[in-house]
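The values are calculated or read from the model by the stated rules, or taken from the named source; none is laboratory data. This structure is a prediction, so every number in the text was calculated from the model and none was measured. Cβ sites come from the backbone with ideal geometry, for glycine too, and all protein chains shown count toward neighbours.
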Amino acid sequence: MHNHTIEQLKSKKQAIVKFVMDKSSGKKIGKVDLAPDLFERDVNYILDYLIQSAEFNSPLLFADFTAWLTDLLVNLKIEPDHVRLSYDFIREGIENHIDHTGILEEYFELSREAFNLSPILDMETMLAPENDLQGKYIRHLVNGDRHLARNLIMDAFHSGKKIKDIYMNVFAPAQRMIGYLWQTNKISVAQEHYATAVTQLIMSELYPHIFHDTQFNGLKMAGVAIGSELHELAIRMVTDFFEMDGWDTYFYGANMPVQSIMKTLDQGKFDLLALSVTMMVHLNEMKKIITEIRRQERFKTVKILVGGNPLNVDPNLWKTLGADGTAKNADLAINVANTWFNIS
Ligand code: B12
């Protein structure tokens, strides 16, 4: 992506926003007349995400954001056609204010598919069947039944269900569904927070059991969620998978500044650093951390594995970030690491 276009997008952003506001008001687009502040905020977001995607040379990231935003707005009773129209105005605004817009075409073209949404579904249709473990678990979370959720999982575990299986096929999909239910306005923020707290609680109860039958393989890894990224459950799962595979693991959660990460790497002899990102807005921070670590000769043997939603959306992103590799989930992360360190 040409830096000049990105710089222009940044410097002309307010002018483009104003153009879109002028074009939209009076036309009953979205809720522009009822809530102009919110409309303006959303236009700003769209441009921020476009800039961020362009900085990473990734039309896929912008398309993914557009799909997410459209789903969110449609469930807030905004017509998909109005979202489409706002995008047309943004595109026009950009063409009016920026010299070379050709390279942005692909971003808008790919996003168009996002407007062809699946119909709005009721919650029951979205959930896994009521009689399967995941389906039962998520219903307990949504209903606020902490004890039932806990007993369901602990009973499954004591009846022989593997922890890896519970993580991959119950916790992870249930958490993602909880997010989708929030996004589509079916549950509240409070329900979303509660569900996560319950999942974390049960993970802690299972934790002592993950050490069973594990043969230490002599390797050490650290798991970190990038910067102000508050989503730390995924990297906790990844770290636990490494532990179950015989690694000596250290889970640091979120909010580790790069200096602290480097200090940690200095103090222990780590073989692998696993970095997780969930929100696209934290990709710059991830790149900064990797660049900083790679600049230090003393860390050259430390492998850097990255993962999380944006890396699953764009399979080439890990290279742009300067990492050594990525994996789509905790299970596959182990395969990648095993290949790197020749573990069979
Ligand atoms: C719980 C949750 C929160 C909690 C987090 C608590 C915590 N301690 O982790 C809180 C309440 C703090 C939160 C806040 C926000 N959240 Co939130 N949150 C979620 C939710 C529901 C679940 C996250 C989770 O636990 N996922 C479970 C794991 C297993 O997910 P996973 O990505 O599948 O992980 C696998 C892979 O990605 C991969 N992987 C991940 N990391 C790594 C690293 C390595 C090295 C490797 C190899 C692999 C790997 O392996 C994992 C395991 O197999 C998601 C929904 C979702 N789709 O995930 C939304 C979600 C991520 N949140 C979202 C949003 C918008 C927000 C907020 C902006 C607003 C809000 N909803 O409150 C804030 C922003 C906070 C911030 N600054 O970061 C959106 C993001 C949308 C987008 N397109 O960016 C989502 C997708 C919800 C939605 N559908 O709209 N959130």
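Here are the numbers:
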{"read-out": "Region 50-84 - residue that is aliphatic (A, V, I, L, M) and touching a residue at least 60 places away in the same chain (Cβ under 8 Å) and, of those, surrounded by the fewest Cβ atoms within 10 Å (Cβ to Cβ)", "value": "76"}
{"read-out": "Given (1) crowded, with 19+ Cβ neighbours inside 10 Å; (2) touching a residue at least 40 places away in the same chain (Cβ under 8 Å); (3) away from the ligand (no atom under 13 Å from the Cβ), number of the condition residue 307 does not satisfy", "value": "(3)"}
{"read-out": "Residues within region 242-271 that are touching a Lys or Arg at 6+ places or on another chain (Cβ under 7 Å) and among the hydrophobic types (A, V, I, L, M, F, W, C), tallied", "value": "5"}
{"read-out": "Residue check for residue 267: more than 13 Å from the ligand (Cβ to nearest atom) and at pLDDT below 95", "value": "yes"}
{"read-out": "Test: residue 179 is on the phi > 0 side of the Ramachandran plot and not assigned by TED's automatic domain parsing to the domain that holds residue 334", "value": "no"}
{"read-out": "In region 218-252, the residues that are in a strand (DSSP E or B) and near the ligand (Cβ under 10 Å from one of its atoms)", "value": "221, 223, 224, 225, 226"}
{"read-out": "Condition check for residue 202: assigned by TED's automatic domain parsing to the domain that holds residue 332 and part of a helix (DSSP H, G or I)", "value": "no"}
{"read-out": "Residues that are away from the ligand (no atom under 15 Å from the Cβ) and not hydroxyl-bearing (Ser, Thr, Tyr), drawn from region 288-304", "value": "288, 292, 294, 295, 296, 297, 298, 299, 300"}
{"read-out": "Where residue 178 falls short, out of the listed (1) at pLDDT below 95; (2) under 16 Å from the mean Cα position of the chain (by Cα); (3) within 25 Å of residue 157 (Cα to Cα); (4) of a type outside the set (Phe, Trp, Tyr)", "value": "(1)"}
{"read-out": "Which listed residue is among the β-branched types (Val, Ile, Thr), touching a Gly at 6+ places or on another chain (Cβ under 6 Å) and surrounded by 19 or more Cβ atoms within 10 Å (Cβ to Cβ), from 261, 235", "value": "235"}
{"read-out": "Those helices (runs of 4 or more DSSP H) lying entirely in region 67-151 with at least 3 residues modelled with pLDDT under 90 and either within 16 Å of the ligand (Cβ to nearest atom) or in contact with a helix residue (DSSP H, G or I) (Cβ under 9 Å, 6 or more places away or on another chain) (or both)", "value": "80-97"}
{"read-out": "Those residues of region 318-337 which are more than 9 Å from the ligand (Cβ to nearest atom) and either touching a Lys or Arg at 6+ places or on another chain (Cβ under 7 Å) or free of Cβ contacts under 8 Å to residues at least 40 places away in the same chain (or both), in sequence order", "value": "318, 319, 321, 322, 324, 335"}
{"read-out": "Those residues of region 216-240 which are within 22 Å of residue 286 (Cα to Cα) and of a type outside the set (A, V, I, L, M), in sequence order", "value": "220, 223, 227, 228, 229, 231, 232, 236, 239, 240"}
{"read-out": "Those residues of region 197-211 which are crowded, with 17+ Cβ neighbours inside 10 Å and closer than 28 Å to residue 125 by Cβ, in sequence order", "value": "198, 199, 202"}
{"read-out": "Filtered residues of region 247-262 (kept if closer than 17 Å to residue 301 by Cα and either within 22 Å of the chain's Cα centre (by Cα) or not assigned by TED's automatic domain parsing to the domain that holds residue 291 (or both))", "value": "261"}
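A quick yes/no check of all residues on (1) touching a Phe, Trp or Tyr at 6+ places or on another chain (Cβ under 7 Å); (2) within 30 Å of residue 301 (Cβ to Cβ):
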{"site": "132", "(1), (2)": "no, no"}
{"site": "138", "(1), (2)": "no, no"}
{"site": "146", "(1), (2)": "no, no"}
{"site": "152", "(1), (2)": "yes, no"}
{"site": "170", "(1), (2)": "yes, no"}
{"site": "178", "(1), (2)": "no, no"}
{"site": "186", "(1), (2)": "no, no"}
{"site": "204", "(1), (2)": "no, no"}
{"site": "217", "(1), (2)": "yes, yes"}
